[in-house]
1. Among the helices (runs of 4 or more DSSP H) lying completely within region 1-99, list those that include at least 2 residues that are modelled with pLDDT of 60 or more and closer than 30 Å to residue 213 by Cβ.
2. Please enumerate the residues belonging to region 877-887 that are among the hydrophobic types (A, V, I, L, M, F, W, C), within 20 Å of residue 792 (Cα to Cα) and buried (at least 19 other Cβ atoms within 10 Å of the Cβ).
3. Please indicate, with yes or no, whether at least one residue in region 549-566 is under 30 Å from residue 630 (Cα atoms), more than 22 Å from the chain's Cα centre (by Cα), outside the structural domain of residue 385 (by TED's automatic domain parsing) and polar (S, T, N, Q).
4. Give the residue, chosen from 737, 690, that is under 30 Å from the mean Cα position of the chain (by Cα) and surrounded by 24 or more Cβ atoms within 10 Å (Cβ to Cβ).
5. I need every pair where a residue in region 206-218 that is of a type in the set (Val, Ile, Thr) has its Cβ under 6 Å from the Cβ of a residue that is modelled with pLDDT of 85 or more, sequence separation at least 6 or different chains.
6. Which strands (runs of 3 or more DSSP E) does region 444-562 wholly contain that include 3 or more residues that are in contact (Cβ under 8 Å) with a residue 12 or more places away in the chain?
7. Within region 638-661, track down each residue that is part of a loop (DSSP other than H, G, I, E, B) and surrounded by fewer than 24 Cβ atoms within 10 Å (Cβ to Cβ).
8. Only one residue in 712, 718 is assigned by TED's automatic domain parsing to the domain that holds residue 693, part of a helix (DSSP H, G or I) and either buried (at least 19 other Cβ atoms within 10 Å of the Cβ) or at pLDDT 80 or above (or both). Which one?
Amino acid sequence: MVDVVKEKPVIVENAEKKTQLSEAFYSQTEAEVLRKLASNPEGLTEVEAKARLAEYGYNELDAGKKKSMIQKFAEQFKDLMILVLLVAAVISAPHEPVDAIIILLVVIINAIMGVVQESKAEAAIEALKDMSTPNANILRDGHTKTVKSTDLVPGDIILLEAGDVVPADMRLIEVSSLKIEEAALTGESVPVEKDLTVIEGEDVGIGDRINMAYSNSNVTYGRGKGVIVNTGMNTEVGKIADMLAQADETETPLKNNLNHLGKFLTAAIIVIAVIMFFVGIMLNGTDPLEMLLTSVSLAVAAIPEGLPAIVTIILALGTQVMAKRNSVIRKLPAVETLGSTDIICSDKTGTLTLNQMTVEKIYSNGQFFEKNQKLNADDMTLKVMNFANDTKVAQDGSLIGDPTETALVQFGNDQQFGLADQLAQSPRVADLPFDSERKLMSTIHQQADGRYLIAVKGAPDVLLSRCNKILTNNQEKIFDKASQNDILSKNRSMAKEALRILGMAYKYVDQLPANLESAVIENELVFAGLVGMIDPERAEAAEAVHIAKQAGIRPIMITGDHRDTAEAIAGRLGIIQPGDDAAVLTGAELAQMSEAEFAKKVTNYSVYARVSPEHKVRIVKAWQQEGKVVAMTGDGVNDAPALKQADIGVGMGITGTEVSKGASDMVLADDNFATIVVAVEEGRKVFSNIQKSVQYLLAANLGEVLTLFIATLLGWDTLLPIHLLWINLVTDTFPAIALGMEPAENNLMANKPRGRNSNLFSGGVFSSIIYQGILEAATVLFVYWSAIQWPVHSGYDAVHSDALTMAFATLGLMQLFHAFNVKSVHQSLFKVGPFKNKAFNWAILLSFALMMMIIVIPGLNDIFKVAHLDLFQWGIVVGSSFAIIPIVECVKFVQRKMMSGTAN
């Protein structure tokens, strides 16, 4: 019995949170922990439990403050681009109500989509709450009883057995072959064997605290008893929930780009409208009210009101393509953000590896065998690994049990060992279960000749001390010191390959031992061999890492596994050079670094091992401070804060918890690192296509603005507001959307990431918008001037009507021809392929038909105040409009020559 001193628990007061315990309980003995918690192995009394419940609160996660739908909706209107559109709608409403309605519809649709995305994101903490186990078996007043897990308090004694979910953070005080799967917290795929050893040192990672059990982890084997040390928000899961709630919502590059675009357009529109207003009044003597309306028309023409909707549609089309390639997008901007990714921080288990323990190498009967080599059917190492095993076979043929043991049986299946037939010939009659103290497991099998086979597997260092013979070349020889050193050497060589190694031994006895004790059964054994296992890398992961590096993206491995394992896998994948341990940093080493020191050294490391949740967030932030766009993958609860902090959080669809999925921007349907690289390529294509749409829209709008501005300076009446509205509606929308469906240009993944500071105007887009907008305006004004100079009809009204119609038709058709130019910023239209995109072809035909309809259909031309044109006039219009293609081709040719010369 542990002596109990009734003293007040050690607590830290926090004004904003419930009282919490603050102790490194793993570094204290069971007696010390019980004493500090004022508890005992028989449990608390009901009276004390109620008092502590009032002090510490319920064992549940805080729900946090939730925004109402109205608040969420209102916040969508804080974006500058949206405000610009709203101002334009208000100003234009009295004179152009249709234009105002279109703008408002676009804004409302975007706001609704934003609310939907934000509501989905809030599911992360709710999913954390749902993971909690509803009930727990505890000791109260010395009796076992079942209570709701929400009523648990520090000091409660919990009873654990296989199948249970740990209800709170606990210091273990009794264990019996206890194994707990903590992958959601540590990322380590193999269940942890628990014992009561006091752990020395500070900043010991969760995965190394073998005397602790943590909330929401799963008991896979054995039994145990523990005392609760923290509940609710003070558990490790609670800390993750708190980090998740407080994590900064990073601005996506696309959102930043659109904000910058909005600011630029706002300033430009205000300046141009003001200049035009005063010029019209002072130079032309135009009525101020009329000039105000003209300036407003100019402002409306300058605003690409369809841009937010078009960007949304392009992103949505990208999500459909990605979904077909196993990338499920939860937040639309993530599509484009992927394309700017500089760093991919990837979890090892299940993403770069298969998350399935597999036999990699065997040393048996005096020689090494690789996993794909055939062993003899009577090989004793093969027989022992299958006999000393508790794996069950389900009705569907799948294997159920400890991942290590199922890996051994699966290897036997691959070797056509025929376990069922073997057990029928050598039935299991007794066993000695695995124990974490002796680190061995034994089974006894009756043989046809009346003897008994004892099969033993376990930790090599322990097993070797129990052997007095060794099987070599099918002969049992004395296991002398030289032989033992030789086996230890081979064990070390396998360990350097990051293999998890088990030893196999056996002996035959004439009679079933009456005393099934380790000292009797597990001694004077014959050493059979060593089995090395690993969670192997995915076959396609190494190629994906190579492609990522080629694209200028740096893969970073972050895992809860041991340093050696992480280093070996990273070396095999090409993330680091094999044996480059300088590129590997452990969580403990990271914890010793200050923020400033780590910021200086972050570029040195490509692999992080034995990390905790706060370490992952530090790594992501450090790279973001370097100006990098960071993608972070993860499947566990421990990954959620880093997933939210990253520019693009990537959750796992198969093995991922609902918490990690809820915090992610994208979910991989196949949990495959290679899928991320595919998604990056799609993201780059999406950004390129958004750039094309922006270039097309702004060049067109600039052409309209300059046409109106210069015409006003010259005193010409070129275009009416209704003309601009129709052109924007017809020629902007359909081609711009279709440009978003353009196939990827060649060598898209051969370019380096564009970087966080790049924008929608980079890569020559801005200069192209300027000269192409000027070209459009110059062409329209030239056509208008020529119609005035060489009229087809007589009379001022007829001449003016013809000139207006030709200017209107030229501007509309030229924009459609120009859409072909922006299929590539620099590449020739004929190299890109003018008619590859079927959707684009149909969009151009539809827009062309709508433009022609206004001019040629009687009645409609009266509404739009345009006239019928003869063949000569149409020739001028079509020829002038088409001229933008060869002119831009010539400019592109010169640009390519200049870039080629610069490169040389």
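The values are calculated or read from the model by the stated rules, or taken from the named source; none is laboratory data. Quantities reported herein were computed from a predicted structural model and do not represent experimental measurements. So basically every Cβ, Gly included, is an ideal-geometry build from the backbone, and we count neighbours across all protein chains shown.
1. Once the helices (runs of 4 or more DSSP H) in region 1-99 are filtered for at least 2 residues that are modelled with pLDDT of 60 or more and closer than 30 Å to residue 213 by Cβ, what remains is 30-36, 46-56.
2. Answer for region 877-887, where residues must be among the hydrophobic types (A, V, I, L, M, F, W, C), within 20 Å of residue 792 (Cα to Cα) and buried (at least 19 other Cβ atoms within 10 Å of the Cβ): just 877.
3. Looking for residues that are under 30 Å from residue 630 (Cα atoms), more than 22 Å from the chain's Cα centre (by Cα), outside the structural domain of residue 385 (by TED's automatic domain parsing) and polar (S, T, N, Q), one finds at least one in region 549-566, hence yes.
4. On the way: 737 fails: surrounded by 24 or more Cβ atoms within 10 Å (Cβ to Cβ).
Going through 737, 690 in turn, the sole match is 690.
5. Pairs that qualify, where the first residue is of a type in the set (Val, Ile, Thr) and the partner is modelled with pLDDT of 85 or more, are 210/194; 210/195.
6. Correct list: 452-458, 467-472, 500-509, 525-534, 554-558.
7. From region 638-661, those part of a loop (DSSP other than H, G, I, E, B) are 646-647, 653-657; that's our starting set.
If the condition is that a residue be part of a loop (DSSP other than H, G, I, E, B) and surrounded by fewer than 24 Cβ atoms within 10 Å (Cβ to Cβ), then 653, 654, 655 are the ones that fit.
8. Answer to the check: 712.
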